[in-house]
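So the structure is just underneath, and the comments pick up after that.
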Protein chains: 2
Amino acid sequence: MPERNAFFRRLRERIDARDTVVSVGLDADLDRIPEHLRERDLPRWAFNRRIIDATHEYAACYKPNAAFYEDSEGWRSLRETVAYAHGKDVPVLLDAKRGDVGNTARKYADLLEYVDAITANPYLGRDSLEPFLSREGKGVFVLCRTSNPGGADLQDLKLESGEPLYRRVAALAELWNQRGNVGLVVGATAPDELAELREAVPDLPFLVPGVGAQGGDAEAAVEHGLADGVGLVNSSRGIIFAGEDGATHAGSTDRGVDSRKAGDEFATAAGRAAKRLRDRLNRHREE
Amino acid sequence: MPERNAFFRRLRERIDARDTVVSVGLDADLDRIPEHLRERDLPRWAFNRRIIDATHEYAACYKPNAAFYEDSEGWRSLRETVAYAHGKDVPVLLDAKRGDVGNTARKYADLLEYVDAITANPYLGRDSLEPFLSREGKGVFVLCRTSNPGGADLQDLKLESGEPLYRRVAALAELWNQRGNVGLVVGATAPDELAELREAVPDLPFLVPGVGAQGGDAEAAVEHGLADGVGLVNSSRGIIFAGEDGATHAGSTDRGVDSRKAGDEFATAAGRAAKRLRDRLNRHREE
């Protein structure tokens, strides 16, 4: 197994320094951003900045999903967000799930100029991922077994050899890991598959989405997601929109813990949700 | 088989009206756009406008690849480009190869608000494509067998049933075609697979990339790519950067056919290349 590259070393440092494997998903959905931020220039950036202020202590990384930034203002918001996260010393993983051929793949790899890692779709095979893989010091998380219902449609198909497709993808990802820069995306809603994949590729760090809003299993995520202590467990809406829950909202006022400006209770709620997830995951990490 | 939806009916009208199945790929690579356009506001839009002026007579559709527009100015350029193509009555297929889960997939489907069709990656299964599939009047081309070398890594894997994965994807796409809005992406560099897939799913229109720069087989693309006359054969760099070839360039001046402004010879060359491809494909269509 090749030595981990600069991205995974940086991630390990962050995990150790802050004692957290929480990935905070920045799915800055314009329709759900608090009213009073929507009138601002770059509302998604205004939102993310407050979320980062409130959560960075608990974040091993930030994971903006590209889908929420695919317009002119969105890309500006994303760049500001990435710079700000870096200012807080938190790496950024762009959840882009890209995969394309030849010169187009090389173009997508330019996304890695300003983020630290990216998620990629393996359906088009090795040469479609090579432009990501060859970016010095960056990380590539290959989609393997996803947590959505349709994940089974292709990923669970049995191959001639008897193994499901996702197992083959894991084996291919290990082959592609010549530079120590490859991880896998494995959903938390399939704990058995998490365990099986960890055994199959003991050295690849996993990004485990689906904890939180999607109701995945935190224990399995931590037990199997980490490879020698390195890995990420993501929650997006469960953290950044935690304030939408009326109870949490009222709670923050009652307890008077919020020294932030009025209207920023959503950020306080996000901070609390991030801390809660970190603590919950750490209980299992220590076992 | 469900009746074709509004997108595929519109495409058929365009194909019939202009007697062409050429898809012009707008991979507006900033590094290859002519020098004198780079100083403009939105160089990619300036480039695309000239390409559209020169090629629209021969175009059944335009296919911008999202990779070349993934920044703040890029999205503005893309929107202008789409509006301009629509002004010339040419449908636009966004080559985005997206695929994601839940609320993220729904967000990606917003891309369909201003284009007519999109390409999508099937690895995450049906629910990841559903937000695209449920957009009224739009088309969805599912990646099936791609023309790049790594295409074989996953797509050719033999399933327990003996069929390769791409065959299963074609069968799934047919299942997903309940609204008459699904096509397949099948590369021209694998003529045997084109023939085999046409037999397997006789009713699904194909988008066949890989003719031109990638050196695919135009005859097979036409023979098998069309379903009841509907389908697309794409060339990107082979058309839009045709002027980079010194010989073509000089030729255009020699023959004095160019009434456009100095510096727009690249567009003249693109128009000529689009016409040439249309004629080449039509020879096979008529057989």
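When the Cα gyration tensor is reduced to axis lengths a ≥ b ≥ c, the ratio a/c is 1.5 or higher for segment A:1-140, and with a/b not above b/c it is classed as oblate. Each DSSP beta bridge with both residues in segment A:114-228 is either parallel or antiparallel, and the antiparallel ones are about 10%. Mean sequence separation of contacting Cα pairs (under 8 Å, at least six apart), scaled by the length of segment B:100-178, corresponds to a relative contact order of 25 percent. Between residue A:279 and residue A:228, full extension at 0.36 nm per residue minus the direct alpha carbon distance yields a gain of 16.4 nm.
Averaged over peptide A:128-135, how many Cβ atoms belonging to another chain are found within 10 Å of each residue's Cβ?
On the way: counts 7, 2, 1, 0, 0, 0, 0, 0.
The per-residue average across the peptide is 1.
Taking the accessible area of segment B:58-180, probe 1.4 Å, and keeping the other protein chains in place, the carbon and sulfur fraction comes to 44%. Inter-copy label distances at residue A:262, shortest first and taken from points set 7 Å along Cα to Cβ: 6.6 nm.
Each copy carries residue A:280; placing its label point 7 Å along the C-beta direction from Cα gives inter-copy distances of 5.8 nm, listed from smallest up.
Interface residues of segment B:79-109, defined as those losing at least 20 Å² of solvent-accessible heavy-atom surface relative to the isolated chain (probe radius 1.4 Å), are listed as B:97, B:98, B:99, B:100, B:101, B:103, B:104, B:107, B:108. Checking the cross-link pairs A:88/B:107; A:107/B:275; B:63/B:275 against a 26 Å limit on the alpha carbon distance flags A:88/B:107; A:107/B:275 as lying beyond it.
Probing with 1.4 Å while keeping every protein chain in the model, the per residue accessible area of the protein assembly as shown equals 36 Å².
The packing ranking of peptides B:168-178, B:99-109, highest mean first, is B:99-109, B:168-178, where packing means the average number of other beta carbon atoms within 10 angstrom of each residue.
GNM remark for chain B: springs join alpha carbons under 10 Å apart, and the peak mean-square fluctuation among B:224, B:56, B:36 falls on B:36.
Among the residues of B:154-161, the average count of other protein chain beta-carbon atoms within 10 Å of the residue beta-carbon is 5.
In this assembly, the A-B interface accounts for approximately 4500 Å² of buried accessible surface in total, computed with a 1.4 Å probe and without ligands, DNA or RNA. From its DSSP helices (H runs of at least four residues, each -39,500 (n - 2.57)), chain A gives a residue-normalised ellipticity at 222 nm of -13500 deg cm²/dmol. Computed about its Cα centre, the charge dipole of chain B is approximately 620 debye, with only Lys, Arg, Asp and Glu carrying charge at their Cβ.
When only Cα pairs below 8 angstrom with a gap of at least 6 residues are kept, segment B:1-158 shows a relative contact order of 20 percent.
Only one residue of A:72, B:65, A:60 has its Cα farthest out toward the positive end of the dipole of the protein assembly as shown, where Lys and Arg carry +1 and Asp and Glu -1 on Cβ, and that residue is A:72.
Bridge orientation summary for the protein assembly as shown: considering DSSP beta bridges with both residues in this region, about 10 percent are antiparallel. Extension gain for residue B:130-residue B:152 works out to 5.3 nm (0.36 nm per residue, less the C-alpha to C-alpha distance). Ranking B:22, B:129, B:81 by how far each Cα lies toward the positive end of the dipole of segment B:22-174 (charges on Cβ) leaves B:129 at the top.
Label-point spacing at residue B:228 relative to the other copies reads 5.9 nm, in ascending order, each point sitting 7 Å out from Cα along Cα→Cβ.
For chain A, relative contact order (Cα pairs under 8 Å, six or more residues apart, normalised by length) works out to 20 percent.
The values are calculated or read from the model by the stated rules, or taken from the named source; none is laboratory data. Predicted model, so just to flag it, every value in this text is computed and none were measured. Ideal geometry is used to build each Cβ from the backbone, glycine not excepted, and the neighbour counts take in all protein chains shown. Accessible surface is based on the protein model in full, side chains and every heavy atom, while ligands, DNA and RNA are left aside. Shrake-Rupley method; radii C 1.70, N 1.55, O 1.52, S 1.80 Å.
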